[in-house]
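The values are calculated or read from the model by the stated rules, or taken from the named source; none is laboratory data. Remember, predicted model here, so these are calculated numbers, not experimental data. Because the Cβ atoms are built from the backbone with ideal geometry, glycine has one as well, and the counts that use them run over all protein chains shown. Side chains are part of the model used for accessible areas, which takes the heavy atoms of the whole protein and leaves out ligands, DNA and RNA. Shrake-Rupley method; radii C 1.70, N 1.55, O 1.52, S 1.80 Å.
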Amino acid sequence: MIEPVPSPLPRVSDDLRRILELAGGQALSVSDIIRHSHGRGLQTIAIVLCLPFLSPVAIPGLSIPFGIAIAICGLRIAFRHQPWLPVFISKRHIPFPVLEKTFRFGIAVHTRLEKFLRPRWTGLVDSHAARMGAGFAIALSAFFLSLPIPPPFPFTNMIPGFAIIMLALGMLERDGLVIFSGYLLTLLSAAYVVLIAFLGGAGATKIWQWIGSF
């Protein structure tokens, strides 16, 4: 008897479209979003929670709780624990206008990324050490994302947000090249935070004024 071939899971972009349709113009809690993501686990949770931070402009009030949640996901990935989030995060509701804006942007980003995703460089994916490394990198990027860095610094959420998405997508699709790109973005996030600490707000303002003079 021939065993049936299991149908592949929908792509992340398909899940995002489906969740947006299910919202029906209403706010959704984080737990609702997770429940409708086909049980793909911690990587999908991290991707979904990153969506509000893919735009260059920071969204106030979300970076700290969502950063904490993503860091928890990263650590639980590293130690092979089951998906779990604190109640104060899982019960948090996202207004539909924010949900629609971020999910539509996330759909566009993921649709483009998914064209290039495929199993490769699997040494960066399959071993316990590789999984632990990617999990810790997600947690570190989430820490950078959660830092309350004020203007005039741009992209403080966007860079670590893309790092987390690349790491999580690479794990889901067994694409070591994408995971490697996530590591590079994590290093870039770290370098940027160090630069911000060195410059301070006054130094950054002077640099922007100098750039604007051209």
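Starting from residues that are among the basic types (K, R) and in contact (Cβ under 8 Å) with a residue 40 or more places away in the chain, keep the ones in the stretch 106-123 and report whichever is most open to solvent (accessible area, probe 1.4 Å).
Step one: of the stretch 106-123, the residues among the basic types (K, R) are 112, 115, 118, 120.
From what is left, the residues that are in contact (Cβ under 8 Å) with a residue 40 or more places away in the chain are 118, 120.
On the way: R118: 128, R120: 49 Å².
Going through the qualifying residues, I end up with R118.
Can you say whether F143 is more than 18 Å from M171 (Cβ to Cβ), surrounded by 14 or more Cβ atoms within 10 Å (Cβ to Cβ), in contact with a strand residue (DSSP E or B) (Cβ under 9 Å, 6 or more places away or on another chain) and modelled with pLDDT of 85 or more, as far as the supplied structure shows? Even if it seems obvious, please write down each step before you answer.
Numbers: more than 18 Å from M171 (Cβ to Cβ): yes; surrounded by 14 or more Cβ atoms within 10 Å (Cβ to Cβ): yes; in contact with a strand residue (DSSP E or B) (Cβ under 9 Å, 6 or more places away or on another chain): no; modelled with pLDDT of 85 or more: yes.
For F143, the condition - more than 18 Å from M171 (Cβ to Cβ), surrounded by 14 or more Cβ atoms within 10 Å (Cβ to Cβ), in contact with a strand residue (DSSP E or B) (Cβ under 9 Å, 6 or more places away or on another chain) and modelled with pLDDT of 85 or more - is not met.
State which residue is nearest to S189 (Cα to Cα) when the search covers only the stretch 147-175 and only residues that are of a type outside the set (A, V, I, L, M) and crowded, with 20+ Cβ neighbours inside 10 Å. Explain how you work it out, then say what you get.
Going residue by residue through the stretch 147-175, those that are of a type outside the set (A, V, I, L, M) are 148, 150-157, 160-162, 170, 173-175.
Within this subset, residues satisfying the condition of being crowded, with 20+ Cβ neighbours inside 10 Å are 156-157, 160-162, 170, 173, 175.
Values: T156: 8, N157: 9, P160: 6, G161: 9, F162: 10, G170: 18, E173: 24, D175: 21 Å.
Ranking the qualifying residues of the stretch 147-175, first place goes to P160.
Out of all the residues in the stretch 89-100, which are touching a residue at least 40 places away in the same chain (Cβ under 8 Å) and part of a helix (DSSP H, G or I)?
So the first thing to find is which residues in the stretch 89-100 are touching a residue at least 40 places away in the same chain (Cβ under 8 Å), and the list is 89-96, 98-100.
The answer is I89, S90, F96, V98, L99, E100.
Report, by residue number, each residue of the stretch 126-163 that is charged (D, E, K, R) and either closer than 15 Å to H81 by Cα or part of a helix (DSSP H, G or I) (or both). Quick ask: steps written out before the conclusion?
Step one: list which residues in the stretch 126-163 are charged (D, E, K, R), which gives 126, 131.
Result: R131, single match.
Matching residues to (1) open to solvent by 40 Å² or more (accessible area, probe 1.4 Å); (2) modelled with pLDDT under 80; (3) at positive phi:
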| site | (1), (2), (3) |
| --- | --- |
| I2 | yes, yes, no |
| V5 | yes, yes, no |
| L20 | no, no, no |
| G24 | yes, no, yes |
| S29 | no, no, no |
| Q82 | yes, yes, no |
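Taking F105, is it modelled with pLDDT of 85 or more and more than 17 Å from L167 (Cα to Cα)? I'd like the intermediate steps shown before the answer.
Working: modelled with pLDDT of 85 or more: no; more than 17 Å from L167 (Cα to Cα): yes.
Here the answer is no, as F105 does not meet what is asked.
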